Amino acid sequence: MEKDLVKYLGDLLLHQDDGLLIKLRMGDGLDKSKVDEISTVLSQLAIEWENDDKISKEAVDYFLADSQEVAQIKD
């Protein structure tokens, strides 16, 4: 289930034509329903990861990609 949630998180952020970060980059504004869905997925993943010593590389890559995108936008 974790792998499915991580993939879905990536879809919500980046992979769909209407991914949150895609829409922000295009200047389409913040999709609050997408933010709510991402928050729900992250809450579910937090429960699954609660007792783990590590999280999947794929999940880490999404967080790193997001922070790198933000840093580029700020520059």
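Tabulated results
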item	result
Candidate lysines for bridging to Lys7, where Cα separation is under 25 Å - those fewer than 8 sequence places away on the same chain excluded	Lys23, Lys32, Lys34, Lys54, Lys57
Accessible area of region 1-64 divided out per residue, in Å², using a probe of 1.4 angstrom	69
Peptides 8-15, 43-50 ordered by average Cβ neighbours within 10 Å, highest first	8-15, 43-50
Net charge of Cβ neighbours under 13 Å - reference Leu5; Lys, Arg +1; Asp, Glu -1	-4
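The values are calculated or read from the model by the stated rules, or taken from the named source; none is laboratory data. All values reported here derive from a predicted model rather than from experimental measurement. Backbone-built Cβ (ideal geometry, glycine too); neighbour counts: all protein chains shown. The protein model used for the area step is the full one, side chains on, heavy atoms only, and it has no ligands, DNA or RNA in it. Shrake-Rupley method; radii C 1.70, N 1.55, O 1.52, S 1.80 Å.
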